[in-house]
4 protein chains.
Amino acid sequence: MTAVDRDVSTPSPPGVTASLSLILEEVRATTDAVMTHRADDLDNLAETLANARRIFVLGAGRSGIALQMTAMRLMHLGLTVHVVGDVTTPAIGPGDVLLTASGSGTTTSIVRGADAAVKAGAKVAVITTAAASPLAALDTAVVVVPAAGKLDRSGTVSAQYAGGLFEQTVMLLGDALFHSLWLRSGQSADELWPRHSNLE
Amino acid sequence: MTAVDRDVSTPSPPGVTASLSLILEEVRATTDAVMTHRADDLDNLAETLANARRIFVLGAGRSGIALQMTAMRLMHLGLTVHVVGDVTTPAIGPGDVLLTASGSGTTTSIVRGADAAVKAGAKVAVITTAAASPLAALDTAVVVVPAAGKLDRSGTVSAQYAGGLFEQTVMLLGDALFHSLWLRSGQSADELWPRHSNLE
Amino acid sequence: MTAVDRDVSTPSPPGVTASLSLILEEVRATTDAVMTHRADDLDNLAETLANARRIFVLGAGRSGIALQMTAMRLMHLGLTVHVVGDVTTPAIGPGDVLLTASGSGTTTSIVRGADAAVKAGAKVAVITTAAASPLAALDTAVVVVPAAGKLDRSGTVSAQYAGGLFEQTVMLLGDALFHSLWLRSGQSADELWPRHSNLE
Amino acid sequence: MTAVDRDVSTPSPPGVTASLSLILEEVRATTDAVMTHRADDLDNLAETLANARRIFVLGAGRSGIALQMTAMRLMHLGLTVHVVGDVTTPAIGPGDVLLTASGSGTTTSIVRGADAAVKAGAKVAVITTAAASPLAALDTAVVVVPAAGKLDRSGTVSAQYAGGLFEQTVMLLGDALFHSLWLRSGQSADELWPRHSNLE
């Protein structure tokens, strides 16, 4: 299918602003809950990242893409950061931190990667919706987000498709982590700027 | 530098929740402004995507990554979508739409790509902060977002680093566009699910 | 380490041409053996690709990168091709072919992906050094290459590091498959050219 | 088109081994010429890479993919390597080397990247077919390969499609450069192995 079919007999659907309003409301409620109940976990996660020798990010699907946005910013901050799956990403080891996100906390490739990271002597930091998941069980730093996981398509937690709300939250948490690490680094914006890629 | 240095003599910086709260407030103000002043532009952009033969997404840096999140969702919806730069992305042509985002509207690779798309007979849809930019000038569908561009490091529009607020907005607008296209498609969540990658 | 140290007291190592000569000799011997003993398998693999509804490529490390070179060429030929792991790659299904390469035939992510492809009703085509591997066991089209696998660092099969010879062979076999499919398609070079990406 | 059409009235085309044989012969002739006429240039290129603070690789299309194979190996050797376009690739600067490849030596994005690298104080190393190209003109280390460029579809230099022969040569030269740097590093295979990605 290369175009979205519309049934002309049905009433016009609500516009994009209605969707944007819905998303903002869900994001606000979810981040409010995180701020109320998980403030210490967030600070703990920031501390873990700040003390890492190197940071590796690993995710599947859209939460993996969201973590790439975080990875780029952490590089701008002067940290050594690698995306798992990139061609030049080396082996993880002691002193390193694996930052990962999985709504369900059960994504096979993520759980396997996190296990391998722990075995290699690295710490693992997790963002997930599932406090009781295998992934949450092995972590040194975990933030539990009250958003639907990708596998939950019931619509009871979020009216959005699959893990949309979780993935949006991962991106915003990543940016909040960056913002806090930036403030505590004492660097000005002009000190970060020269680190941006200059060959594209 | 592999760890963020802290000066122990300074008072403790605000926690991550303070950063998250700041981001949410900026995102809310920006999307409010878009919803108030750009509702028609958003619907026009949704219409342009819905009628596309194929959708190509092109972005640089973090706004490019944000568009990849949108691209994945549009594929889940059953649309034919390509990320410019991917190995199997073919040539764009008549009937296709290039969806792009650039805070400044002047990023060289984006402007060149958009020019090439127009010359090839494709439509171009743009998300930008700069109504008067070269990119906004050639578009058939443009949404202007009142967020700081990446090059604006003055801090007057946003307290976040560089184009952070713009990039967050691109991601949320992309998800709002998807949500609206999903509603008008009449497909259930269970109809989208079998399109998710099953080999990872 | 950011630079290769040299011990000035040792004699000068052989130049790059010696390495290139070694590689060429190994590649020649390996492809000779494939041509002598695996001609039918290669033609069977070409036939499998030619009849595919869509082609998905999957590999890990350098053999995965080599398959990306093949994927791009097959797209130039007009075939529908996806790289597993790309953002817009959909689910595989009946009529599709998964083209994969694994020196050892035991790489976990590849074996899992191949199993999933078979379960989804797709065919699997494999390039491997290991005729008795799990991967070779489930295939509809398999080409066995007498080159060292990545895990074989004994130096008995190849003087090159790890799976270098296998990965070079994968790339050359991929180009030979393309060249044959191009000839049988009857398309001229000028017919392929307009399919090259025009937005970069 | 999702399958290669065949005209059943035409005689059967030659098999894949004929294509592989053709490719091997072209590769052999090209690398022979490089070994005969460009031995010093290759050693110069190896020396440039060995002395780099960090190595950045940049390429478009299939020669860019070939350079990614080289980049991964140089990382295995312990060098600091970045692929331009990757999310965590920082700015290039003094002491760094940009390794690039362009058949024509005129690819816009490559020439712009190389110019930017020189302006940033980095060295540029080039593999190209065009000794008189803009790219070759600015280099500190250049290897000219007598293979058809991508834009040459006349078939006089190579019977393969577009830049196939050049791209194969880039991959083999990259592996020859790695092999030589490995020998001069004095590291055993077992010393390189622990650097391979351990999270996939």
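The values are calculated or read from the model by the stated rules, or taken from the named source; none is laboratory data. Predicted model only: the values in this text are computed from it and were never measured. Heads up, the Cβs are rebuilt from the backbone with ideal geometry, glycines too, and the neighbour counts pull from every protein chain shown.
Taking the conditions (1) at the interface with chain D (Cβ under 7 Å from one of its Cβ atoms); (2) among the charged types (D, E, K, R); (3) surrounded by fewer than 24 Cβ atoms within 10 Å (Cβ to Cβ) in turn, C:ASP175 satisfies each one other than (3). What's the number of the only condition in (1) more than 8 Å from chain C (Cβ to nearest Cβ); (2) part of a helix (DSSP H, G or I); (3) within 16 Å of the chain's Cα centre (by Cα); (4) not hydrophobic (A, V, I, L, M, F, W, C) that D:THR31 fails to meet? D:THR31 satisfies every listed condition except (1). Of everything in region D:107-117, what is free of Cβ contacts under 8 Å to residues at least 60 places away in the same chain and within 11 Å of chain A (Cβ to nearest Cβ)? Give them in sequence order. Within region D:107-117, D:SER109, D:ILE110, D:ARG112, D:GLY113, D:ALA114, D:ASP115, D:ALA116 qualify. Checked against (1) over 27 Å from D:THR70 (Cβ atoms); (2) at pLDDT below 90, C:SER188 passes all but a single condition, namely (2). Screening C:THR80 against (1) more than 7 Å from every other protein chain (Cβ to nearest Cβ); (2) within 29 Å of B:VAL84 (Cβ to Cβ); (3) surrounded by fewer than 24 Cβ atoms within 10 Å (Cβ to Cβ) leaves a single unmet condition, (1). Can you confirm whether B:ALA132 is touching a Ser or Thr at 6+ places or on another chain (Cβ under 7 Å) and of a type in the set (Gly, Ala, Ser)? Spelling it out, it is not the case that B:ALA132 is touching a Ser or Thr at 6+ places or on another chain (Cβ under 7 Å) and of a type in the set (Gly, Ala, Ser). Is it the case, given these coordinates, that C:ALA125 is assigned to a loop (DSSP other than H, G, I, E, B) and either modelled with pLDDT under 95 or away from every other protein chain (no Cβ under 11 Å) (or both)? No; evaluated as a whole, the condition is false for this residue.
Tell me whether region C:95-114 contains one or more residues that are in a helix (DSSP H, G or I), out of contact with any Gly (no Cβ under 8 Å at 6 or more places or on another chain) and surrounded by 24 or more Cβ atoms within 10 Å (Cβ to Cβ). Among the residues of region C:95-114, at least one is in a helix (DSSP H, G or I), out of contact with any Gly (no Cβ under 8 Å at 6 or more places or on another chain) and surrounded by 24 or more Cβ atoms within 10 Å (Cβ to Cβ), which makes the answer yes. The set of residues in region A:76-94 being part of a loop (DSSP other than H, G, I, E, B) and hydrophobic (A, V, I, L, M, F, W, C) consists of A:LEU77, A:LEU79, A:VAL84, A:VAL87, A:ALA91, A:ILE92.
Within region D:42-75, the only residue that satisfies the criterion of being assigned to a helix (DSSP H, G or I), among the basic types (Lys, Arg) and within 7 Å of chain C (Cβ to nearest Cβ) is D:ARG62. Of the candidates C:LEU74, C:LEU42, C:LEU24, the single residue that is closer than 24 Å to D:ALA29 by Cβ and in contact (Cβ under 8 Å) with a residue 12 or more places away in the chain is C:LEU42. Residues that are within 12 Å of chain A (Cβ to nearest Cβ) and not small (Gly, Ala, Ser) within region B:83-106 comprise B:VAL83, B:ASP96, B:VAL97, listed in sequence order.
If the condition is being out of contact with any His (no Cβ under 9 Å at 6 or more places or on another chain) and assigned to a helix (DSSP H, G or I), then region C:183-200 contributes C:LEU183, C:ARG184, C:SER185, C:ALA189, C:ASP190, C:GLU191, C:PRO194.
Among the residues of region D:1-17, those that are surrounded by fewer than 16 Cβ atoms within 10 Å (Cβ to Cβ) and at pLDDT 55 or above comprise D:PRO11, D:SER12, D:PRO14. Considered as a group, the residues in region C:117-136 that are surrounded by fewer than 19 Cβ atoms within 10 Å (Cβ to Cβ) and more than 18 Å from the chain's Cα centre (by Cα) include one that is nearest to C:ASP41 (Cα to Cα), and that residue is C:ALA132. So which of B:ALA162, B:ALA148, B:ALA132 ends up being part of a loop (DSSP other than H, G, I, E, B) and touching a Lys or Arg at 6+ places or on another chain (Cβ under 7 Å)? B:ALA162 is the lone residue from the list that is part of a loop (DSSP other than H, G, I, E, B) and touching a Lys or Arg at 6+ places or on another chain (Cβ under 7 Å). In the set (1) touching a Leu at 6+ places or on another chain (Cβ under 9 Å); (2) within 22 Å of B:ALA46 (Cβ to Cβ); (3) of a type in the set (Ser, Thr, Tyr); (4) touching a residue at least 60 places away in the same chain (Cβ under 8 Å), the condition left unmet by B:THR140 is number (1). Looking across C:SER158, C:SER102, one residue alone is closer than 26 Å to D:GLY174 by Cα, touching a residue at least 12 places away in the same chain (Cβ under 8 Å), in contact with a strand residue (DSSP E or B) (Cβ under 7 Å, 6 or more places away or on another chain) and of a type in the set (S, T, N, Q). It is C:SER102. Is it true that some residue in region B:75-86 is among the small types (Gly, Ala, Ser) and over 16 Å from the mean Cα position of the chain (by Cα)? Yes, some residue in region B:75-86 is among the small types (Gly, Ala, Ser) and over 16 Å from the mean Cα position of the chain (by Cα).
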